[in-house]
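Just so it is clear, none of the values below were taken in a lab; they were calculated from the coordinates. What you see is a predicted model, and the numbers here were worked out from it, not measured in a lab. Cβ coordinates were reconstructed from backbone atoms using ideal geometry, including for glycine residues, and neighbour counts include every protein chain displayed.
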Amino acid sequence: MITYYAEDVKMPAIKKREVSAWVKEVAARYGYKLGDISYIFCSDEHILEVNRQYLQHDYYTDIITFDYTEEKKISGDLFISLDTVATNAEKFGATYETELHRVIIHGILHLCGINDKGPGEREIMEKRENEALEIYRSRGGKI
């Protein structure tokens with residue numbers, strides 16, 4: 001089950017049913033079923049506090065993924081800073097909607113075991129994100 005929360009921001013205008021079906025399809029392509037996924041949309045200040053409190057990191061980020069996956073059932077809490085999503089959209093010349101969906105699926109890809117910190121991993125993650133965004137578009141999703 002996928003749930004969506006807004007912590008200290010307005011809930012973004014996403015089509016929750018479409019996004020949930022997309023997330024389920026992407027996870028299935030990597031051999032996973034959905035457990036409990038919580039998206040928590042928040043501000044930069046909130047994600048910074050989460051980063052400091054739980055990860056001892058003192059910086060802003062677009063997403064923090066807490067992974068509770070067991071075997072082939074993905075579960076997790078995904079904190080997404082809408083402030084950083086907007087900043088990154090502008091920085092990368094993307095629409096806000098495209099960047100938001102990229103970050104939404106980025107967390108799911110992490111839960112499916114795809115990393116982006118080691119040598120060459122960032123390029124693999126970007127490729128998987130782009131493939132997932134194409135799946136969303138092919139389902140009629142507008143981003």
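Backbone phi angles across the stretch 98-104, fed through the Karplus curve with coefficients 6.51, -1.76 and 1.60 (θ = phi - 60°), yield HN-Hα couplings of 5, 5, 4, 5, 4, 6, 4 Hz in residue order; Gly and Pro are listed as x. Value of Rg to Rh for the chain, rounded to two decimals, is 0.93; Kirkwood radius and Rg both from alpha-carbon coordinates. When you filter the trypsin sites (Lys or Arg not before Pro) in the stretch 24-117 for DSSP loop state and at most 11 other Cβ atoms inside 10 Å of their Cβ, you are left with 117.
Note that the stretch 79-95 has calculated 3J(HN,Hα) couplings of 8, 10, 7, 5, 4, 5, 4, 5, 4, 5, 4, 5, 4, 9, x, 10, 6 Hz, one per residue in order, obtained from phi through the Karplus relation 6.51 cos²θ - 1.76 cosθ + 1.60 (θ = phi - 60°); glycine and proline are x. The number of Lys pairs in the chain with C-alpha atoms less than 20 Å apart, excluding pairs fewer than 8 positions apart on the same chain, is 15. Amide H to amide H, with H built 1.01 Å from N, residue 36 comes under 5 Å of 76, counting only residues 5 or more places away or on other chains.
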